[in-house]
Amino acid sequence: MRDPLKHSGPVTASNNGFNIIECIECGHKHIFPIPTDEELEHIYKHEYYTKNKPDYIEKDIEDRDWWEMTYNRRFEFFENNLTTHGRRLLDIGSGPGLFLEVGNKRNWESKGIEPNQKAAEHSIKRGLDICNMMFDSRSAELLGKFDAINMSLVLEHVANPSKVIELVYNQLNDGGLFCVAVPNDFSPFQLVLQNHLGFQPWWVAPPHHINYFNFKSMEKLLQRNGFSVIHQEATFPIEMFLLMGDNYIGNDSVGRSCHKKRINFEMALVESGQGHLLSEMYQSFASSGVGREVLMIAKKETKN
Ligand SMILES: [Zn+2]
């Protein structure tokens, strides 16, 4: 079924036979026309981790210390800001399950929902509580209520992000927290690379990336769906390497080396007890609109 929203707006980029429009109706950029739910379900059930991310699970484990540090920071934020009494967590698009493992170690009751069979099986083998389905109105009914919901790098892939956020809202207890991460696209650094240094807009990746957010459009989407944003930060602006001359586009070994440097930088700060510096820096990057990803923590407000 096609999305009933009346998408319209100027075309801002084209790639792979798709146009990206600055949609007036949605308030963010997305490809148009939007693929059907059936087309998307096929991509994520069978293809994603095998065709597009063949070594995703192995790489994830390789960087385990860094992922754990990153996720521990996120749980600390939840724990310091939650006003609900329980500790039930849902990770939407839980992939190989590391977020859930970190949660369980911190005494959260963690559940994941993951459409990809290979990733779900990997998590179940590790003893995690996983629902191997797409997150939609059917599966949402089976999941129950949560005090915190995490959703990393999911919203850019879905046909109707507003609908997904509405479902998240309904799964949360009153006052519950929602942490969402999406790529920060058409960012100031990317635009310098495109307009000044002749880079093609490599971040435009249809049909896998349908939606293209930034800090402003993400905040608006959350507010329209009953959330107030209580914290925002950027993730490391990896495009700085491109600006400094290390071209990792289409070059996995350069990409890997840049990623390692970023890991070294963050681990050094956190392990030396200067994690607050990282947090302050990434919050100020967010206010400048730079950073590879938008990371927002929002609170469920009671609707009047
Ligand atoms: Zn739209």
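Summary of values
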| read-out | value |
| --- | --- |
| DSSP-defined beta bridges in the chain - what % are antiparallel, rounded to 5 | 60 |
| Neighbourhood net charge (11 Å Cβ-Cβ; Lys/Arg +1, Asp/Glu -1) for E156 | -1 |
| Heavy-atom accessible area order for M281, M218, M244, M267, largest first, 1.4 Å probe | M244, M281, M267, M218 |
| Expected 222 nm ellipticity per residue - DSSP helices of 4 or more, -39500 (n - 2.57), all of the chain, to 500 | -12000 deg cm²/dmol |
| Gain upon complete extension [K118, D136; 0.36 nm per residue less C-alpha separation] | 4.5 nm |
| Rounded to whole Hz, the Karplus (6.51, -1.76, 1.60) HN-Hα couplings of the stretch 116-128, x for glycine and proline | 6, 5, 5, 5, 5, 4, 4, 5, 5, 4, 8, x, 8 |
| Total formal charge among the other residues, if their Cβ is under 10 angstrom from that of G86, Lys/Arg +1 and Asp/Glu -1 | +1 |
| Exceeding the 30 Å Cα-Cα cut-off - candidates K6/K111; K111/K300; K260/K299; K145/K216; K105/K216; K105/K220 | K6/K111; K260/K299; K105/K216; K105/K220 |
| Estimated FRET transfer efficiency when R0 is 35 angstrom, pair E76-S253 (beta carbons, to 0.05) | 0.55 |
| I130 - accessible surface, heavy atoms, 1.4 Å probe, Å² rounded to 10 | 30 |
| Across the chain: Cys residues that no other cysteine approaches within a C-beta distance under 4.7 Å | C131, C179, C258 |
| Built amide H within the under 5 Å cut-off of H231, gap 5+ | I297 |
| Cα gyration tensor, the stretch 179-284 - rounded (a/c under 1.5), prolate or oblate | oblate |
| Approximate spin-label separation S14-D174, in nm, with each point projected 7 Å along Cα-to-Cβ | 5.2 |
| Accessible area of the chain divided out per residue, in Å², using a probe of 1.4 angstrom | 47 |
| Karplus 3J(HN,Hα) series, Hz, for the stretch 166-181 with 6.51 cos²θ - 1.76 cosθ + 1.60 (x for Gly, Pro) | 4, 5, 4, 3, 5, 7, 8, 5, 4, x, x, 10, 10, 10, 10, 10 |
| Accessible surface of the chain [probe 1.4 Å, protein heavy atoms]: carbon and sulfur percent | 51 |
| Shape call, the stretch 76-190: gyration tensor on alpha carbons, a/c limit 1.5 | rounded |
| Percent RCO, i.e. relative contact order, over the chain, from Cα pairs under 8 Å lying at least 6 residues apart | 18 |
| Sum of side-chain charges, N184 neighbourhood, beta-carbon under 14 Å (Lys, Arg +1; Asp, Glu -1) | -3 |
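The values are calculated or read from the model by the stated rules, or taken from the named source; none is laboratory data. Just so it is clear, the model here is predicted, and its values are computed rather than measured. As a convention, Cβ positions derive from the backbone with ideal geometry for all residues, glycine included, and neighbour counts pool all protein chains shown. Just so you know, the surface numbers come from the protein's heavy atoms only, side chains and all, with ligands and any DNA or RNA stripped out. Shrake-Rupley method; radii C 1.70, N 1.55, O 1.52, S 1.80 Å.
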